[in-house]
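The values are calculated or read from the model by the stated rules, or taken from the named source; none is laboratory data. In this text the structure is predicted, and so the values were computed from the model without any measurement. For neighbour counting, all protein chains shown are included, and Cβ atoms are generated from backbone atoms with ideal geometry for every residue, glycine included. Remember, those area values only see protein heavy atoms, side chains included, never the ligands or the DNA or RNA. Shrake-Rupley method; radii C 1.70, N 1.55, O 1.52, S 1.80 Å.
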Amino acid sequence: MLKSAFCFSGKTVTLTLFLFSLYIPQTNAQKFEFDRELKTIYEDITQLNLERAETSIASYKTDNPNNFLVYHVENYIDFFRCFIDEDYEYFKSIRNQKDERLSKIQEGDKSSPYYNFSQAEILLQWALVRLKFEEYTTALLEMNRAISLLEENDKLFPNFIANKKSLSALHALVGTIPESYKNILSWVSSFNGSIEQGYNEIKEVEDKMAIDEFPFASEVLVIKSLIELHILNRSELAYKSSQSEYLDPFQNPLLCFIVANIAHNAGKNDEAIHILESYKPTLSQHPLYYLDYLKGIYKLNRLDTDSDLYIRRYLNYFQGRHYIKEAYQKLAWHTWVIEGDSVEYRRNMTFCLLKGEDLIDEDKQAQNLAHQKILPNRTLLKVRLLSDGAYLNEALAELEQLD
C-alpha cells in the first residue's frame, strides 16, 4: 500500500514538474545575443579600456554562461593588445585562446547567423596579428577558413548585414591584387572579388544598418572611409565619410588615429594636429604610442620646433618593431631642418641603421637613405616636409629663395 502510494506520488511529482517547467523561461538555452551589457563591453574594448573590459567579461561569463557571443567580443582584447604592442612573447603566451574560443562558439546555436560569423571574425583577427609577426602561411590558412565561413553564412543569411561588413573589406582588398598574384592565391582559395564589389557592399551595409542599434556601426564607417582613402585613392571622399557624428576622435584613441590620418591625407594637416592634440588619454585606456608618432610627423610637416618631443616619446615608450627606423630618420630631419645641426642629423641616421627592423616599406626606405650617408640640401628637405603636409604656398616660397 505504501509502495503503491509512493509510486503514484512520484509520477504525480514528475508530471507536475514537467507541466510547471512549460511556464518557466528557459535560461540555459544556447544563444548568440548582443545584449546591452555585451555592447557596453564591446564599446569599452574599442575605446581600449581593455583591463576594465576583461573584468566585465569575467562577470558576464558567470552571469550569462550560455551566451556564446561573449567569446567573439573577448577576442577583440587579444587582437588589440597584439596588434598595437607587437609583443611576440605575449602573442605566443595567449595564442591557444583562439582555438578555445572557437570551440566554445561551436557549442552554440547553429541556426544563428552569429555562429559562422563569430568564428570568421576571430579567425580574421588572428590572421591579421600573424601577418604582423610574419607567420604568413598560418595567416593565409586562417583567412581562407574565415572567408569560407563568411561566404557560407552569406548564403544562409543573405539579410545579415554584419556578414557583408567583413566581406566588403576582403572583396576590396582582393581587387587590388595583380592578376599574376591572384593565380597564386587561387592555389589555396577560390575567393575572389573586386574593389567596386567591396565598396558597393560596405555602402549597402551603411544604408541598411540602424546606426543606433547596429553594434558594428563604427566599424562599418571606418571600413568605408579606409576603402575610399587607401584603395579608391579618394582622400576628400574619405574625409567626408570620416566626419560622421558617430566617429568621435576626441574620446576614442583608435578613431583619433584613423580620423587624424584621413585628415592629413586629405591635405588638412592643421586639423589632423588639432585632433591629435585634443585627444586626452585616460589612465584606464591602453596606451597607443603611435598617436605620439603621428603628432610628431605632422608637426614636423608644419616645421614646428617641438615636433621632436613626440617622436622621441614614441621611441622611448614603444616596444614594438615597426616605424622605429623611420622615426629616427624623421628625428634626423628635425635636427637638420629645424635646428641646423648636421652632427645630430648623422647621429640619428646612424641609429636608423642600428635600431628597429626593415619589415615595412617606411622602415626600408629610411634604412636605404641612411646607407647613402648623404647630408641633404636643407632647403629642399624643408620643401619636401612642407609639401608632405600640403603647405604648398610655403613650400613654393622656400623654393623661390634657391639660386
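Side notes on the structure shown:
- Inter-site label distance for I374 and E100 at 7 Å from Cα along Cβ, in nm: 5.4 nm
- The range 343-403 and the range 54-89 have their alpha-carbon centroids 42 Å apart.
- Panel values: the chain, Kirkwood radius from alpha carbon pairs, Stokes-Einstein at 25 °C and 0.890 mPa s, translational diffusion coefficient 102 µm²/s.
- Cross-link pairs beyond the 20 Å C-alpha cut-off, checked among K330/K382; K39/K280; K299/K330: K39/K280
- Candidate lysines for bridging to K92, where Cα separation is under 20 Å - those fewer than 8 sequence places away on the same chain excluded: K132
- With Cα atoms defining each centre, the range 115-180 and the range 225-291 are spaced 25 Å apart in the structure.
- Charge dipole magnitude, Cβ of K and R +1, D and E -1 - the chain, Cα centre, debye nearest 20: 940 debye
- Cβ-Cβ FRET estimate between I177 and S59, R0 fixed at 56 Å, reported to 0.05: 0.80
- Multiplying the residue separation of N200 and R52 by 0.36 nm and subtracting their alpha-carbon distance yields 49.6 nm.
- Spacing of the two label points (7 Å from each Cα toward its C-beta) at N159 and E236, in nm: 3.9 nm
- Given charges at beta-carbon only (K, R positive; D, E negative), |dipole| of the range 187-245 in Debye: 240 debye
- Loop-located GluC sites (Glu not before Pro) in the range 281-356 whose Cβ has at most 16 other Cβ within 10 Å (DSSP): E339
- Protection proxy ranking, peptides 212-222, 291-301, 83-93, average beta carbon neighbours within 10 Å, highest first: 291-301, 212-222, 83-93
- In the range 304-403, a dipole from Cβ-located charges (positive for Lys and Arg, negative for Asp and Glu) runs towards its positive end, and of V383, I338, Y323 it is Y323 whose Cα lies farthest in that direction.
- Surface per residue (accessible, 1.4 Å probe) for the chain, Å²: 52 Å²
- Across all Cα pairs in the range 58-110, the calculated P(r) in 10 Å bins from zero up to the longest distance comes to 23, 48, 25, 4 percent per bin.
- Note on the range 175-296: the C-alpha convex hull projects to 9.7 nm² when averaged across all orientations.
- Shown for the chain are the DSSP H helices of 27 Å or more along their axis, judged by Cα atoms, with a mean Kyte-Doolittle hydropathy of at least -0.5: 2-21, 113-132, 136-156.
- Segment Y90-T137, length gained on full extension (0.36 nm per residue, minus Cα span): 14.9 nm
- Enclosed volume per residue, in Å³, of the convex hull spanned by Cα atoms of the range 332-403: 94 Å³
- Candidate aspartates and glutamates for bridging to K325, where Cα separation is under 12 Å - those fewer than 8 sequence places away on the same chain excluded: E357, D358, D361, E362, D363
- Value of D in µm² per second that Stokes-Einstein yields for the range 248-289, Kirkwood Rh from Cα pairs, at 25 °C (0.890 mPa s): 239 µm²/s
- Ranked packing of 69-76, 54-61, most packed first, by mean Cβ within 10 Å: 69-76, 54-61
- Dipole in debye (nearest 20) - the range 26-160, about Cα centre, beta carbon charges: Lys, Arg +1; Asp, Glu -1: 260 debye
- When Rg and Dmax are taken over the Cα atoms of the range 207-271, they come to 11.5, 34 Å.
- The chain - mean residue ellipticity at 222 nm from DSSP helices (-39,500 (n - 2.57) per run, n ≥ 4, rounded to 500): -21500 deg cm²/dmol
- In the range 98-160, chymotrypsin sites (Phe, Trp or Tyr not before Pro) in a DSSP loop with at most 14 other beta-carbon atoms within 10 Å: none
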